[in-house]
1. For A:Lys54, give me every one of the lysines with a C-alpha distance below 23 angstrom, ignoring sequence neighbours fewer than eight places off in its own chain.
2. Given A:Lys344/A:Lys611; A:Lys61/A:Lys269; A:Lys546/A:Lys574; A:Lys397/A:Lys598; A:Lys533/A:Lys719; A:Lys344/A:Lys397, which pairs have Cα atoms separated by over 19 Å?
3. Which entries of A:Lys47/A:Lys697; A:Lys393/A:Lys640; A:Lys169/A:Lys420 show an alpha-carbon separation above 29 angstrom in the structure shown?
4. Chymotrypsin sites (Phe, Trp or Tyr not before Pro) within segment A:3-54: which are DSSP loop residues with at most 16 other Cβ atoms inside 10 Å?
5. Taking amide H positions as placed in the peptide plane 1.01 Å from N, state which residues far from B:Ala49 in sequence (5 or more) or on other chains have amide H under 5 Å from it.
6. Excluding A:Leu123 itself, calculate the net charge of residues whose Cβ lies under 11 Å from the Cβ of A:Leu123, where each Lys or Arg counts +1 and each Asp or Glu counts -1.
7. Calculate the dipole size of segment B:89-158 relative to its Cα centre from +1 charges on Lys and Arg beta carbons and -1 charges on Asp and Glu beta carbons; express the result in debye to the nearest 20.
8. Give the aspartates and glutamates whose C-alpha is closer than 14 Å to that of A:Lys563, dropping any in the same chain fewer than 8 places away, or say none.
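Each reported figure results from applying straightforward, stated rules to the coordinates on display, with no laboratory input. Computed from a prediction, not measured in an experiment: that's the story for all the values here. Quick reminder, even Gly has a Cβ in these numbers, built from the backbone with ideal geometry, and neighbours come from all protein chains shown.
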Amino acid sequence: MEKQNFNIIGTRADGCDEKDKVLGNVVYAEDYIMPDTLYCKVFRSAKASAMIKKLNIDKAKALDGVSCVLTHEDVPNNESAKNVVGQTTEVGLLEAKQRILATDRVRYYGEPIVVVAAETPELARDALELIEIEYEELPGVFDPEEAMKPDAPKIHGDNNVIANWALRKGDVEKAFAESDVVVEAEYRTPRQEHAHMEPESGLAWVDDMGVINIRYSTQVVEHYRDVAAVLGIPESRVRTIGTIIGGGFGGKEDLTVEVFLALCSWNTKRPVKMAFSREEMGFGRQKRHPYVLRYKTGATKDGKLTAMQAELISDSGAYVMLSPWVLLYSTVHSTGPYFIPNVKVDAYSVLTNNIMTSAFRGFGGMQVAFAYESQMDALAIKLNMDPVELRKKNFFKRGDETANFQSIPSEVMLDEAVEKAVEALGPKSEPSGKNMRVGRGFACSWQSYGRMTYLHDTASSWVGLEMDGSAVVRCGIPDLGGGQRESIRAIAAELLGIPLDEVHVISTDSQVTPLAGTVTATRALFMSGNATKLAAENVREVILEKAADMLETAAEDLDIENKMVYSSRQTDKKVELVKVIRRCAAEGISIQSLDTYKAAFTDEIKTNVIKDPVYNDWTFGTQAVEVEVDTETGKVNVLKHVSVQDVGRAINIKRTEGQMEGGAAQGLGFALMEDYLEVDGVPITWNLTEYLVPTSKDIPDSNSIILESRSGKGPFGAKGIGEPSITAAAPAVANAIRDAVGIKVLHLPATPERVFWELQKKHQS
Amino acid sequence: MKKLPIELTINGRAHELLVSPKETLLNVLRERFHLTGAKYGCGIGECGACTVLLDGLPVLSCQLLAVMCNGKKVVTIEGLSPQEAAAHPMQDSFVEEGAVQCGFCTPGMVISATALVEEKSEPTTEDIKVALRGNLCRCTGYENIIRAVKTGARKMKEV
Ligand code: FES
Ligand code: FES
């Protein structure tokens, strides 16, 4: 029977590493040192599209103190693994998703060409300066729609469109013809930089057993497989040790420093260290996909949605990376959390000579949310209907079918969420000056948690009791700071009836911790939480059975609390956990368990029209904001923000709120200020002075309201919250700006310039 | 390059050392003293992750050459608490209020917050926002950090 009365789950307990973080004790990737270490740096392309005519590394090699200078010729397999990490299903679309070092051609500004390792970071930098290169520029293409044209320069192969997904449901033509109102618009979203505070970094060494160890900051422990494939050595000879991560948000999901580190330490047989500079984080790594979204939505005069048609185009940059998956997310999520009988969506991801784009919190769900929620407000205006009422008429209900013909498996608490969000904004603020206008907006979203089901996702965890009644959990789950380790600690402590600080979690060592998959796709709590729950329940069962023997009672009546096994029926029947453990040990009964959780499995998607289930489940929520717009300057200030999310069950309230607030802040940045700009493929906002992220001064009063339907597929009914927390922030802001000053916000971010010009246009018309 | 002798008091202990003219205070702290609480987040004065106290005032250690700190007193996150065995009240408040996620910005935040409260014992929300605007945090959305500074200020009064 599943445990129901909780002492730890659902509290605001402190996490397992926060104390060490405030004391400055945590050894992050760059804080780790080893004697005799070399320093690695990468020589990168200074052109967005060019042939490499000449490359001379002799002078760099000859520099005193330089240990190795490697080009593509030194990389055994220069293309990153075709298989997608941690998965059982091969996805053809993702082939050649990333090149380690450029061969004869560079395709984006910042593409790695040479990697060097030297005695000091300064020497490594000097060596880069000695590399001689001559380019012959090639025509580039920097706009995905240009890149779709038949005569556009080709980035790889003979087609720049590297992914195409579609939805087909009902008959949109007929439905639009019969609709009372139709709204249509084109939306654009920016290229967003993750801007995690910790740069990509790590240290690699070859140990005395001939195993390459890579201790670094990653969301994906399973990258040891990619490293092994690149080096052409058995996977069993590469060990990745994940550190506590200084933020990632999807930015540490693809390959970062691990392959460079492995190549250099394999070649020199010495420890090698590397950290990206902030500049390199700017132009040397992937971003969020910019999108063009063309939407057409129809409704009846009483506000029932009739049809939706959309065209989505994403800029994949110069390599494929995870673009097809991101696009798949966008496609399935493009309808919003609404039942629409007729849907037609065509989505394309296109290669260009821009910086690569890949995973980022929200993973394609965020760009479409801006469009579908702007459309809903446009419809409400046209119908002269309350936007809350309009949405309530159309929200999915549990069991409804989505446009990919998948039934919604859990509760959809959007009626409650939207009501609470709007109400929690409280009384409307007074404008702070005569040019100021105050407005309000909200947006509703859905966002899947867990990986796509055709990937056959699994996670394993090991739980074992010690002789003194403390416990160890081994589970390969990177900790991004969201409380990933803390939640599995709480689950084990709760089920085994021991205090939190007597449970130790060992995470992210690929040769020590059972593989649990990535910390991406809002899957950590869902997958590792379930795996840890299974393993802890197995151990609990052994303890309760043995205690039942000892107490001469039934195991069903027993529970464990504070290291005491007791009967809920007969108060005199109790025995210390430690005594039960000793008895088990004396009788040779194992009090350790390794178990594996399997998510829903479906067949591989065979056609580009998605007609089958793709996700496990969704998290639904609403965000509402109040903004003040300065009509003189176009500057938008967010005054208040509310996020209401049904998280299924909050394992730790503090961590859940933390996700909701942090996700929203990134969403507000995306709405108002963040834009990674390039001119003909050359980045111009690569540092934090030009690429602005929200500071303490930009953040509104924020209120996070947790709903708990207990209907999710995670442990104890939990859903995921990491990504859903970001999704609805931007459309809420866009809708609030429209409410304040009556302009449509079609292009994010809504910078002062954009808002100002829209206001000018409005005055002129 | 010629090395220069300097004296530095770090977390209450006096040191004499030779530094190269190009070495930053952040490098000296991290590489020579293995005080890795101060972080390299950008190296160009944009993020605040490297904040330490120099003669009691918060400074960006990535922007200071070690030679400029000759004769001065440096306090890092590792030495912030006056008692070795216990955390500083501001450190405790950051844990209590859930102001720590990935923790990378945390040492710098705590240092800036402590310096603010040393100067102004009851800071308003606006004071806190202004004092912390040079310390970027990408995880928390600042809400809990601001609350933690208020709680920390209350606790600092009590001790
Ligand atoms: S590292 Fe000093 S301000 Fe960023
Ligand atoms: S807690 Fe991660 S940057 Fe602040």
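1. A:Lys41, A:Lys154
2. A:Lys397/A:Lys598; A:Lys344/A:Lys397, as the Cα separations exceed 19 Å there.
3. Violating the 29 Å limit, Cα to Cα: A:Lys47/A:Lys697; A:Lys169/A:Lys420.
4. The qualifying sites are A:Phe6.
5. Residues meeting the amide H criterion: B:Gly41, B:Leu136.
6. Charge balance near A:Leu123 sits at -3.
7. About 140 debye.
8. Partners within reach: A:Glu466, A:Asp468, A:Glu494, A:Asp501, A:Glu502, A:Glu576.
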